[in-house]
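Note sheet for the following structure.
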Amino acid sequence: MSIQPETLSTRPDTPIDGGTNFEWLDSESLAKGFRAYNEGLDVPKEYSDSLDSILANQSETISDCLADHQRRVGGYAGILLPRLFPEYDDAFHIGLIRVIGAVHDIGKEEIDRDVMYRSIGVEGYGTFNRTRDMPEVIKHTFYGYELLTQKKDELPVEAPFIAACHHQFPDVRQEPYGMDLMEVNRRFANNPEMAKWVRAAVEVVSLADYFDATSRFNGYFSSVESRNSGLLNYFKLRQPHKHLQILQALEHEKMHYQIQIGKIALVA
Ligand SMILES: [Fe+2]
Ligand SMILES: [Fe+2]
């Protein structure tokens with residue numbers, strides 16, 4: 001049975017860049033396109049401005065790889081949100097998750113640079129080794145929380161929690177790391193609605209992150225087939241009742257993105 005991609009009422013369907021397929025855009029155009037992609041959603045200008053400047057700085061000082069990954073995760077999160085949590089299917093929450101999804105890995109700026117390059121698959125830094133490199137990689141959740149807390153006047157207040165908690169939904173082979181979701185409940189004890197929204201946003205960004213980090217053949221899996229089954233198993237585990245619809249919607253969205261960089265490791 002084939003499943004047709006759903007049409008999302010709040011997603012702008014107008015082609016980016018006057019009809020250019022996002023798939024073929026280089027990093028510079030992807031950066032420019034991301035802002036246009038968010039048009040029609042309720043994204044305050046100061047958030048878009050600070051996102052542009054953070055990601056442009058990452059491209060310049062670290063790698064386009066990291067900034068591109070974060071933009072794609074923001075986009076995928078916007079696709080997932082109404083499918084996982086229909087109560088947030090509105091231009092405000094979709095705009096918000098596009099922004100906070102696009103800074104989820106900002107903490108990678110602060111970890112050992114060689115480990116960071118290996119973790120996102122930049123050539124020339126050797127092969128990522130979980131035993132050796134994970135103790136350093138896990139710190140990006142804490143650094144992300146700190147960096148985004150400092151930027152609380154420029155970005156949504158939810159952003160630090162997304163950075164802190166986005167590795168709480170691993171696949172069966174991995175252990176969760178970063179801030180526990182119980183801590184979100186504790187921080188927002190006086191605002192249960194906010195706690196609920198932040199937990200939902202964390203889950204959505206985590207699944208979007210997994211999809212982007214593994215949706216291309218990237219050397220972590222031994223073959224395209226094992227990659228595909230790994231992806232399927234992950235979404236079955238996390239969304240047992242909707243995994244096929246969700247994967248189809250994400251694959252559909254992927255066609256909007258540039259897919260020229262084939263190496264982003266599973267740990268991203
Ligand atoms: Fe991460
Ligand atoms: Fe990531």
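Carbon and sulfur together cover what percent of the accessible area of segment 128-189 at a 1.4 Å probe radius?
55
Using each residue's phi in segment 191-204, evaluate 6.51 cos²θ - 1.76 cosθ + 1.60 at θ = phi - 60° and report the 3J(HN,Hα) Karplus result to the nearest Hz, with x for Gly and Pro.
Computed from phi, the couplings for segment 191-204 are 9, x, 5, 5, 4, 5, 5, 5, 4, 5, 5, 4, 4, 5 Hz.
State the Cα centre-to-centre distance between segment 63-83 and segment 100-139 in whole Å.
Distance between centres, Cα-based: 17 Å.
Tell me, what HN-Hα J-couplings in whole Hz come from the Karplus equation 6.51 cos²θ - 1.76 cosθ + 1.60 at θ = phi - 60° for each residue of segment 144-160, using x for Gly and Pro?
Values, residue by residue: x, 4, 5, 4, 6, 5, 5, 9, 5, 8, 10, 10, x, 5, 6, 3, x Hz.
Leaving out ligands, DNA and RNA but keeping every protein chain, what accessible area does Leu147 have, in Å² rounded to the nearest 10, with a 1.4 Å probe?
30
Filter Lys108/Lys152; Lys196/Lys236; Lys108/Lys196; Lys108/Lys151; Lys45/Lys152; Lys45/Lys151 down to the pairs with a C-alpha to C-alpha distance above 20 Å, please.
Violating the 20 Å Cα-Cα cut-off are Lys196/Lys236; Lys108/Lys196.
In a shell of Cβ-Cβ distance under 14 Å around Ala189, excluding Ala189 itself, what net charge do Lys and Arg (+1) and Asp and Glu (-1) give?
Neighbourhood net charge equals +2.
In nm, give the distance between the simple-model label positions of Asp42 and Arg186, each being 7 Å from the Cα along the Cα-to-Cβ direction.
3.2
Decide, for segment 37-86, between rounded, prolate and oblate: order the square roots of the alpha carbon gyration tensor eigenvalues as a ≥ b ≥ c, take rounded if a/c falls under 1.5, and otherwise choose prolate if a/b is larger than b/c, else oblate.
The shape class here is oblate.
Modelling each spin label as a point 7 Å along the Cα-to-Cβ direction, I'd like the Asp49/Arg173 distance in nm, to one decimal.
Using points 7 Å along Cα→Cβ, the separation is 4.5 nm.
Compare Lys196, Lys254 by solvent-accessible area with a 1.4 Å probe and give them largest first, with all protein chains kept in place.
Lys196, Lys254
Would you tally the net charge around Pro156, using a Cβ to Cβ cut-off of less than 14 Å, leaving Pro156 out, and scoring K and R as +1, D and E as -1?
-2
The values are calculated or read from the model by the stated rules, or taken from the named source; none is laboratory data. Everything numeric in this text was worked out from a predicted model, so none of it was measured. Note that we place each Cβ from the backbone using ideal geometry, even for glycine, and neighbour counts take in every protein chain shown. Each accessible area value is taken on the protein alone, full model and side chains, heavy atoms only, with ligands, DNA and RNA left out. Shrake-Rupley method; radii C 1.70, N 1.55, O 1.52, S 1.80 Å.
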